[in-house]
Structures are given as structure tokens and as C-alpha cells.
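What follows is one structure encoded as C-alpha cells, with my remarks underneath.
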Amino acid sequence: MLQELGPDVQWVRKYVTNDKIYCVYNAASEELVREHPRRGGLPADTVAQAMTIIDPTTAEA
């Protein structure tokens, strides 16, 4: 299903909590991010763009 959307969207990972699912994508647009769950019959209530990544490697810089 994701392959049908083309090379401009990549699903990276999913985080599951007690009451929510969070998905991380690399995508060219918000529309592509919303289309993947829509095709699977799932809601995508909020889409937010990450402006920066902070991880252990950024502390070494």
C-alpha cells in the first residue's frame, strides 16, 4: 500500500502507547503522510513536522 504512494514517502517507525499510535514518516508533503493511514482505514488526527532531531549523536557535536 505504501509503495503505491511513490518514493516521496517512507514510513520509518510506529510507537504504540496505551491509547494512541504515533507514526514517524519521511515525506515530501503532509498529504502523503495522511494518505497512508487513510488507505488503511485509520485516523490521522494530527500531523506535525519535526524541525530538528535531538539524539545522543547531537550531544557529541
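Please treat every number below as a calculation from the coordinates, not as lab data. Bear in mind the structure is a predicted one, so any value in this text is a computation, not a measurement. For neighbour counting, all protein chains shown are included, and Cβ atoms are generated from backbone atoms with ideal geometry for every residue, glycine included.
When each of the peptides 35-47, 11-23 is scored by how many other beta carbons lie within 10 Å of its residues on average, the order from highest to lowest is 35-47, 11-23. Charged neighbours of residue 21, selected by a Cβ distance under 15 Å, balance to +3 (K, R count +1; D, E count -1).
With θ taken as phi - 60° and the Karplus curve 6.51 cos²θ - 1.76 cosθ + 1.60 applied, the whole-hertz 3J(HN,Hα) list for the range 46-58 is 9, 10, 10, 8, 6, 8, 8, 10, 10, 8, x, 6, 6 Hz, x standing for glycine and proline.
The shape of the chain comes out oblate: with a ≥ b ≥ c from the C-alpha gyration tensor, a/c is at least 1.5 while a/b does not beat b/c.
Between residue 8 and residue 52, the FRET efficiency from the beta-carbon distance, with R0 = 25 Å, is close to 0.70. On a 0 to 90 degree scale, rounded to 10, what angle separates helix 30-39 from the longest Cα axis of the chain? The angle comes out at about 50 degrees.
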